[in-house]
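Below is one structure, written out as structure tokens; the observations come after it.
Just so it is clear, none of the values below were taken in a lab; they were calculated from the coordinates. Since the model is a prediction, treat every value here as computed from it, not as a measurement. Here the Cβ is made from the backbone with ideal geometry for all residues, glycine too, and neighbour counts use every protein chain on show.
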Amino acid sequence: MSKYYDKTTGFLFGDSKEVPLSGLLPDSIELQKEFDTLILSASGWRKVFTVSSDENDSCEEIGKANTVLAVLMADTFASYVLDRPHLGNQVVIGRDTRPTGRVVADIFCRVCLARGLSVRFPGITAAPEVMAYSRSIGPFAYISASHNPIGHNGLKFGGTDGGVFDREQAEILINSFRTRMACPNVAKTAAELIAACTEEDIANVWIQSADEKKAALKAYDSFTREIVSGPFKDSFFSDLRIAAERRSETAKPLSLLVDFNGSARTISIDRDFIADAGFHLSVMNEKPGAIAHRIVPEGDSLLFCAERMKELRLHGTGPERHTLLGYVPDCDGDRGNIVFWNEEENVAQILDAQEVFALSAISELSFLVYSGQLQVLPENRANTNTTDPVTGTARAVSSPKCAVAVNGPTSMRIEAIAAAFGTQVMRAEVGEANVVNLARSLREQGYLVRFLGEGSNGGNITHPAAVRDPLNTVFALIKLLTLDDTEKRKGMFHIWCSLSGQETAYKKGFTFADIRRTLPPFATTSVYESYAQLKIQTTSHAVLKNKFRKVFLREWENGKFPLLKPGEKWTWKAVTHNGTQTRELAEDFSVSLNGGLKIIFYNNEDTPEAFIWMRGSGTEPVFRILADVSGSNQKKEEALREWLSRMVLEADSEIE
């Protein structure tokens, strides 16, 4: 027997007798053509891997040139590990459910084995699952293109801290890969390297894969329990089950729905974990690899979950009729945005990504108070008045000092939420690694940082995790809904209402819609809508931003600012987010380089009212823009965003 199959899915792993790179090799022109489409960044390495170069192609063939690239990627990773003895000689290789993932995983396993590493291969795994498992094993290479269309694929690399490598480590890997690509006879070198893996070695990896998958699931389940429960450990889940039973007794049971969309979460811990916590879970699109709709879990991608929720509420049986929350993960399963049933209007509604993040922030900051980890001292009890550096308003202080770490385009709603908890908001450049590393730096400075993430993308990271996880998001919302007042303490939603000056918003029997209404109102662009992804010609983002400054100043001086009304006086401040650093800009916008550029607008009271933001994507060939405006007037966001778009495109057109 030379062909081996995944016992969980029935999918082919590979044929031990068939080396992925054999026969006629690609020439340098073919290699360069494929290399030129590759995006290399700290957030991951991505390209269209299908042999057809069609991003919507669902075939698994990647072609000879992409095979060479994959071999060199694997060799780069293996060398990085081998050059650092403290990392050990064991590596974890995992993938999501994209068709090309099978071939790329085969290549990675063979190359790492040929280089002398011990390979642990759990097969198809959710990103948080493989990262939880790697904490006790060794560095990981995860094969995925996250939310990109099905023809894309790529790599994320990380160590044993449960997250991806930081910017400095990522740059070492990128430079090492580029050096390999520049070597002569690179295709021949790649063919010889992958052929050095023995049939026996690769077969053993595939044979052991089922046991590795079980071990990965066990590690992930244990780690997720630790994250969700905080200091309460096992007693938390007992309390949660009691809370679930209490809701059932009052005819308000809470059931969940997941639209797996064929993702890696189809064979992860979701079903068992949610059931063990005391909640019913309905599933849809649960066949691994059967991608039923657009992968990115934003906007229209959530309509299928909303429609199914409506069907369950109207025509389901038993607990299905009480489905209240639904979630939709992306292909690697590291985030999931939310659909909820509005019990007042009897309709399924989609939360936008920024709302999901904000509600999760309210939950986890309230949980710190609920669990006794954080004390909030109102202004009149504090020794000194503290002013929030962004909102400019007096706020509470906390003990110990507490912070949340977010990316640049996260809505300023997060500052309004954090202020109620005496919590600082610190910002980093877009990219999960940047936010995670900022949070680590803050902890080293003595801050309590439980909650972090990229609000512009939805989902959240809950310490000690270093990656987003839809289960952590879902359980943040469950805690907010179910952990209500007892004789011993206020419930979590009540805590939020009290601290945010909305005491009257709390009532017995509150609904999810009641919670949503307490969100500070902001109108924010979704970064995944087509109008927020500009196609530009300028290759130097530094040059573009400096040209943009000239256009912006002309518009500002001519009174073209869309929010300006007669008699008002507005001011602005430009800042850049690069890596974990945020700094104010004066004359030269180009110093932001490829990082995020933000312009914050202050109203007559000298408080920030809105901002515009721009940055080239690190994983896609697009230039992202976003506008954020205080209040619920979406027309203001549209006007600000359209103004920004026009200025960026004008600046781009003026560059030769």
Per-residue ³J(HN,Hα) for the range 55-65, Karplus 6.51 cos²θ - 1.76 cosθ + 1.60, θ = phi - 60°, Hz, x for Gly and Pro: 5, 9, 6, 9, 6, 9, 6, 10, x, 5, 5
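Let me know the charge dipole size of the range 3-218 about its Cα centre in debye, to the nearest 20, where only the beta-carbon of Lys, Arg (+1) and Asp, Glu (-1) is charged.
420 debye
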- prompt: So what are the ³J(HN,Hα) numbers for the range 279-288, from phi and the Karplus equation (6.51, -1.76, 1.60; θ = phi - 60°), rounded to whole Hz, Gly and Pro as x?
  reply: 10, 7, 10, 9, 10, 8, 6, 8, 7, x
message: 5 Å is the cut-off here: which amide hydrogens, built 1.01 Å from N in the peptide plane, fall below it relative to Asp330, excluding neighbours closer than 5 in sequence?
response: Arg335
message: Could you tell me the extents of the chain's C-alpha atoms along the three principal axes, largest first, rounded to whole Å?
response: 74, 65, 47
- prompt: What is the order of Asp270, Asp352, Asp606, Asp15, fewest Cβ neighbours within 10 Å to most?
  reply: Asp606, Asp15, Asp352, Asp270
query: Each residue of the range 637-645 in order: what ³J(HN,Hα) in whole Hz does its phi give by Karplus 6.51 cos²θ - 1.76 cosθ + 1.60, θ = phi - 60°, with x for Gly and Pro?
result: 4, 4, 5, 5, 5, 5, 4, 4, 4
query: In what sequence, highest mean first, do 134-144, 403-413 appear when ranked by Cβ atoms within 10 angstrom?
result: 403-413, 134-144
Residue-count net charge about Ala216 - beta-carbon cut-off 12 Å; Lys, Arg +1, Asp, Glu -1: +1
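What is the Cα convex hull volume of the range 530-653 when expressed per residue in Å³?
Numbers: hull volume 14.1 nm³, N = 124.
Hull volume over Cα atoms, normalised by residue count, gives 114 Å³.
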field: Listed peptides 437-444, 121-128, 240-247 by packing density, highest first (mean Cβ within 10 Å)
entry: 121-128, 437-444, 240-247
statement: Long-range amide H partners of Gln581, meaning residues 5 or more apart or on another chain whose placed amide H is closer than 5 Å, are Glu429
- prompt: Roughly what % of DSSP beta bridges within the chain run antiparallel, to the nearest 5?
  reply: 70 percent
message: Output needed for the range 45-111: three equivalent-ellipsoid semi-axes, defined as square roots of 5 times the C-alpha gyration tensor eigenvalues, in descending order, whole Å.
response: 26, 12, 9
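Per the Kirkwood treatment, what hydrodynamic radius in Å, one decimal, follows for the range 400-528 from the mean inverse distance over all distinct Cα pairs? Walk me through the numbers before you get to the answer.
On the way: mean 1/r = 0.0641 Å⁻¹.
This gives a value of 15.6 Å.
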task: Would you mind counting up the charge near Lys565? Only other residues with Cβ under 15 Å from its Cβ, with Lys and Arg at +1 and Asp and Glu at -1.
output: +1
query: To the nearest Å, what is the center-to-center distance of the range 154-170 and the range 608-654, using C-alpha atoms only?
result: 30 Å
- prompt: Per residue, what volume in Å³ does the Cα convex hull of the range 439-478 take up?
  reply: 70 Å³
- request: Choose one of His293, Tyr506, Asn66: the residue whose Cα lies farthest towards the positive end of the charge dipole of the chain (beta-carbon charges +1 Lys, Arg; -1 Asp, Glu; about the Cα centre).
  value: Tyr506
- request: Could you work out the Kirkwood radius for the range 169-266, taking every pair of different alpha carbons, averaging 1/r and inverting it, reported in Å?
  value: 19.4 Å
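Excluding Ala627 itself, calculate the net charge of residues whose Cβ lies under 9 Å from the Cβ of Ala627, where each Lys or Arg counts +1 and each Asp or Glu counts -1. Numbers along the way, then the final one.
Details: positive: Lys636, Arg641; negative: Asp628, Glu637, Glu638, Glu642.
Every neighbour counted, the sum reads -2.
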Theoretical ellipticity at 222 nm over the chain - DSSP helices of four or more residues, -39500 (n - 2.57) apiece, nearest 500: -12000 deg cm²/dmol
- line: Of all chymotrypsin sites (Phe, Trp or Tyr not before Pro) in the range 582-628, the ones in DSSP coil with at most 14 other Cβ atoms within 10 Å are none
